[in-house]
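> One structure follows; several queries about it will come next.
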Amino acid sequence: MTAATAEATPGATAEATPGATAEPPREKKKRKFSFPSAFTILFIVTIIAVICTWFVPAGQYSKLLYDADSGKLEMTSPTGEVSTLDATQETLDELGVKISIDQFTSGAITKAVSIPGTYEGLDQHPVSIADIPYSMVWGVIDGIDVMVFILCLGGLIGVVKVTGAFESGLSALTKKTKGREFLLVFGVSVFMIFGGTMCGLEEEAVAFYPILAPIFIALGYDSIVVVGAIFMAGSIGTTFSTVNPFSAVIASNAAGTVFTEGIAVRAFALVVGGIVFLLYLHWYAKKVKADPKFSYSYEDREKFNAQWELDDNSAAAHEFSIRKKIVLVIFVMAFVIMIIGVMNLGWWFPQMAAEFVTLSILVMFIGGTGKDGVGEAKMVDAFGSGASSLVPVALIIGLARGVNHVLTEGMISDTMLNAASNMVTGMSGPMFVICLLLIFFVLGFVVPSSSGLAVLSMPIFAPLADTVGIPRWIIVAAYQFGQYSMLYIAPTGLVMATLQMLDMKMSHWFKFVWPMMVFTLVFGAILLSVCSVVFAV
């Protein structure tokens, strides 16, 4: 009986043939799905947005904006006609805009506010496929302030890195945290949660990845822990914002209430959400620490480590000289100064970028001069190399804004908003807030800006709260919980820039983050439903 016959006959055993060598069984190569890159995802989303402008009916609300030069309110009708109105509380009351005039005149509200009851359907305003490249370029131009900030950050990182201060500091830190590695992850996460709830510390936190990624690698963690401790922790804080001016405060103002109303409930939600997230992150980090193969991003572990690990093999790298200590102190102080500037001095991206440039020059002088200095030419090259390494991240932010440009140009954002408001009209309190939570979840994809969605939606949805007998601060909470549940994963938000920076696949991130997304929606729905009954008016 031949080997071929034996293989074909069930139960038969192949006999060895002298001189013949048995061929090893061939393994079938499995085709592995490769999740698209951030650029490809945003390009696809842009195409889908363009297609929607051809089929979703166009329409707009009248918009109200304060002109500081003239001291007047400007109302733009859906057809584009502009009329000038007196900037008084009486004018706002007549328009049904339940916002204090002080919010306009003080500059607290800088974006156009939708006027309730003014929605008009318009002729279709489709965006051409040929306009896709323009929308992408427009988004880059619109986001230039953020992009310059990121490039200046990259330059600062470059000049600090070339001095060897990172390697020396990392070596010292890993020795001190041995056996208590998660304490650092915990500390970073708590700081980001606090920053998120206080001032929406998210886009600025892009600066922390190059600092913490090498440290977390040295402690035995993966890219998921890095993003979790920075992006996700900051998002948890912003989701349950207490006094964040770009979320809770501006939304409360636009809803015609004050941000102190409902702050106790939001603070309770922050504590619960923070504890749940920290426990979840600790569980995951402990698993990865015990078995690196448990990592959701294990297949990219070598590439991630090669990108972010610091070269600490040389003796010079371990020598923590006075020069390196001074450079590292300057680097750390850059972010302390940045946070103080944002919270107390009214800084925004141009000021933060200028600060990074200033400190880069200082580091160049300290690290480049003297007997052991690396030299002026090497310092300048390091700044350019550091900035160029973050160009893809900067472009991602611009491309994401291009998607919003398409929806605005196609005049379908307000159509979705109007349809959503009609959907929830006349519902009971608990059902109303649950549906509203889900509506804000969807709108979070269309309008990823927290302040942008607040001024567009609050004047429309807040009056509906009066009709179902619930306080308006519940609408503010529903907006926060719903929008940020979407922004954990929305390609139009900050997450794509984050994943691009760490070269992480969206599929890996989604596997980690979806339980927190579900928790936020379910916990938010239960909490808001209870509040709509307890605080019914």
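Coordinate-derived values only; no laboratory data. Every value quoted in this text rests on a predicted model; they were computed, and no experiment measured them. Here the Cβ positions follow ideal geometry from the backbone for every residue, glycine too, while neighbour counts run over all protein chains shown.
> So if I take the alpha carbon set of the chain, get Rg, then get Rh from the Kirkwood formula, what is the Rg over Rh ratio?
Numbers: Rg = 27.1 Å, Rh = 25.6 Å.
Over the Cα atoms of the chain, Rg/Rh equals 1.06.
> State, to one decimal in nm², a quarter of the convex hull surface area for the C-alpha atoms of the range 202-296, i.e. the direction-averaged projected area.
Working: hull surface 27.0 nm².
Approximately 6.7 nm², given one-decimal rounding.
> Find the eigenvalues of the gyration tensor of the Cα atoms of the range 403-537, then list the square roots of 5 times those eigenvalues as equivalent ellipsoid semi-axes, largest first, in whole angstrom. Can you show the working numbers first?
Details: eigenvalues 152, 71, 20 Å².
After diagonalising the Cα gyration tensor, the semi-axes are 28, 19, 10 Å.
> Can you give me the relative contact order of the range 340-423 as a percent, contacts being Cα pairs under 8 Å and 6 or more apart? Let's see the in-between values first.
Details: 21 pairs, mean separation 9.6, N = 84.
RCO, the range 340-423: 11 percent.
> 222 nm [θ] for the chain, helices only, -39500 (n - 2.57) per DSSP H run of 4+, per residue, to 500?
Numbers: 25 runs with 340 residues, N = 537.
Result for the chain, helices only: -20500 deg cm²/dmol.
> Can you give the percent of C-alpha pairs in the range 150-261 whose distance is more than 20 Å?
Working: 3170 of 6216 pairs.
For the range 150-261, the share of Cα pairs beyond 20 Å comes to 51 percent.
> On C-alpha positions alone, give me the angle between the axis of helix 376-389 and the longest principal axis of the chain, in degrees, nearest 10.
70 degrees
> Averaged over all directions, how much area does the convex hull of the C-alpha atoms of the range 466-537 cover when projected, in nm²?
On the way: hull surface 21.6 nm².
Dividing the Cα hull surface by four gives the mean projection, 5.4 nm².
> State the extension gain, in nm to one decimal, for the chain segment bounded by residue 120 and residue 376, taking 0.36 nm per residue of separation less the distance between their alpha-carbons.
Numbers: separation 256, 0.36 × 256 = 92.16 nm, distance 6.16 nm.
Residue separation times 0.36 nm, minus the Cα-Cα distance, leaves 86.0 nm.
> May I pose another question? Putting +1 on Lys and Arg Cβ atoms and -1 on Asp and Glu Cβ atoms, find which of 423, 374, 457 reaches farthest to the positive end of the dipole of the range 366-519.
Farthest along the dipole direction, towards plus: 423.
> With θ taken as phi - 60° and the coefficients 6.51, -1.76 and 1.60, list the Karplus ³J(HN,Hα) couplings across the range 221-230 in order, rounded to whole Hz; mark glycine and proline as x.
9, 10, 5, 4, 5, 4, 5, x, 6, 9
> Let me test this: with uniform point scatterers at the alpha carbons of the range 344-412, what is the Debye-based log₁₀ I(q)/I(0) at q = 0.11, 0.13, 0.14, 0.22 1/Å?
So the normalised log intensities work out to -0.47, -0.60, -0.66, -0.99.
> Sorted from largest to smallest, which semi-axis lengths in Å does the alpha carbon gyration tensor of the range 243-312 give for its equivalent ellipsoid, taking the root of 5 times each eigenvalue? All intermediate terms of the calculation are to be shown ahead of the outcome.
On the way: eigenvalues 323, 57, 17 Å².
Its equivalent ellipsoid spans semi-axes of 40, 17, 9 Å.
> Using alpha carbons only, how many degrees (0 to 90, rounded to 10) separate the axis of helix 144-162 from the longest principal axis of the chain?
The two axes meet at around 30 degrees.
> Then there's this: Could you give the size of the charge dipole of the chain about its Cα centre, using +1 on the Cβ of each K and R and -1 on the Cβ of each D and E, expressed in debye and rounded to the nearest 20? Numbers along the way, then the final one.
Values: 31 positive and 41 negative charges, 400 e Å.
Computed charge dipole of the chain: roughly 1920 debye.
> Taking only Cα atoms, what is the 0 to 90° angle, nearest 10, from helix 429-446's long axis to the longest principal axis of the chain?
Orientation of helix 429-446: about 60 degrees from the principal axis.
> With a cut-off of 8 Å between alpha carbons and a minimum separation of six or more residues, what is the relative contact order of the chain in percent? Show your work: numbers first, answer last.
Working: 834 pairs, mean separation 123.3, N = 537.
Over the chain, the number comes to 23 percent.
> How large are Rg and Dmax for the range 41-120 when calculated on the C-alpha trace, in angstrom?
For the range 41-120, the Cα radius of gyration and maximum Cα-Cα distance read 15.9, 47 Å.
> What residues have an amide H closer than 5 Å to that of residue 118, excluding those fewer than 5 places away on the same chain, when H is modeled at 1.01 Å from N in the peptide plane?
Placed amide hydrogens put 62 under 5 Å from residue 118.
> Considering the dipole of the range 75-173 built from charges on the beta carbon (Lys and Arg +1, Asp and Glu -1) around the Cα centre, which of 150, 112, 85 is farthest to its positive end?
150
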